[in-house]
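> Have a look at this one before I ask anything.
The values are calculated or read from the model by the stated rules, or taken from the named source; none is laboratory data. The shown structure was predicted, so the numbers you read here are calculated from the model rather than taken from an experiment. Here Cβ is always computed from backbone atoms with ideal geometry, including for glycine, and neighbour counts include all displayed protein chains.
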């Protein structure tokens, strides 16, 4: 255990978050996502896990240390419901609330079509699979910057 670090962040996840640079992104996915095969194509090259957490719990822990990119419209993304791209399932509303809390202001997470999300995930820095069993618990988070102290 470390002081000031969310206990849900394991060493592998913390290492990846620390190593990422501005503009790099990761995907946080549910248990149904083809995470292992897609993770092999990422920078990290292997699957990272936060298995006992929902998507919202994992995102909350990640955003406790990871700043989101404020310079781009694709600061985050959510996998769209097939055939219903405007639908926001409960799991996505929960993650939206965590993003809003971390940002301090509402900033809607853009939708990404399912197969486009798979392609996006292959280009990620890392794939983190959660224990989320609800459908469409898949998200992208783009790393921002921490400015100099005043």
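> Report yes if some residue within region 8-20 is part of a loop (DSSP other than H, G, I, E, B), more than 20 Å from residue 118 (Cβ to Cβ) and in contact with a helix residue (DSSP H, G or I) (Cβ under 9 Å, 6 or more places away or on another chain); otherwise report no. It would help to see each step written out before you state the result.
Start the filter on region 8-20 by keeping residues that are part of a loop (DSSP other than H, G, I, E, B), which leaves 8-10, 20.
Now restrict to residues that are more than 20 Å from residue 118 (Cβ to Cβ): 8-10, 20.
Subsequent filtering for residues that are in contact with a helix residue (DSSP H, G or I) (Cβ under 9 Å, 6 or more places away or on another chain) retains 8-9.
Yes, region 8-20 contains a residue that is part of a loop (DSSP other than H, G, I, E, B), more than 20 Å from residue 118 (Cβ to Cβ) and in contact with a helix residue (DSSP H, G or I) (Cβ under 9 Å, 6 or more places away or on another chain).
> Which one of these is touching a strand residue (DSSP E or B) at 6+ places or on another chain (Cβ under 9 Å), buried (at least 19 other Cβ atoms within 10 Å of the Cβ) and within 22 Å of residue 5 (Cα to Cα): 61, 76?
Working: 76 fails: within 22 Å of residue 5 (Cα to Cα).
Of the residues listed, the single one that is touching a strand residue (DSSP E or B) at 6+ places or on another chain (Cβ under 9 Å), buried (at least 19 other Cβ atoms within 10 Å of the Cβ) and within 22 Å of residue 5 (Cα to Cα) is 61.
> Still on this structure: Where residues in region 99-140 are under 11 Å from the mean Cα position of the chain (by Cα) and assigned to a helix (DSSP H, G or I), which of them is surrounded by the most Cβ atoms within 10 Å (Cβ to Cβ)?
121
> In the list 54, 42, which residue meets the criterion of being touching a helix residue (DSSP H, G or I) at 6+ places or on another chain (Cβ under 8 Å), more than 24 Å from residue 145 (Cα to Cα), crowded, with 19+ Cβ neighbours inside 10 Å and in contact (Cβ under 8 Å) with a residue 24 or more places away in the chain?
None of the other options fit; the residue is 54.
> Which condition number does residue 77 fail, the rest of (1) part of a loop (DSSP other than H, G, I, E, B); (2) at pLDDT 95 or above being met?
(1)
> All but one of (1) more than 19 Å from residue 109 (Cβ to Cβ); (2) in contact with a strand residue (DSSP E or B) (Cβ under 8 Å, 6 or more places away or on another chain); (3) surrounded by 13 or more Cβ atoms within 10 Å (Cβ to Cβ); (4) in contact (Cβ under 8 Å) with a residue 60 or more places away in the chain hold for residue 32, so report the exception by its number.
(2)
> Could you give me the residue pairs with C-beta distances under 9 Å whose first residue belongs to region 125-150 and is touching a residue at least 40 places away in the same chain (Cβ under 8 Å) and at positive phi, whose second residue is crowded, with 18+ Cβ neighbours inside 10 Å and assigned to a strand (DSSP E or B) wherever it lies, and which are 6+ apart or on separate chains?
Note: pairs meeting the criteria are 136/78; 136/79.
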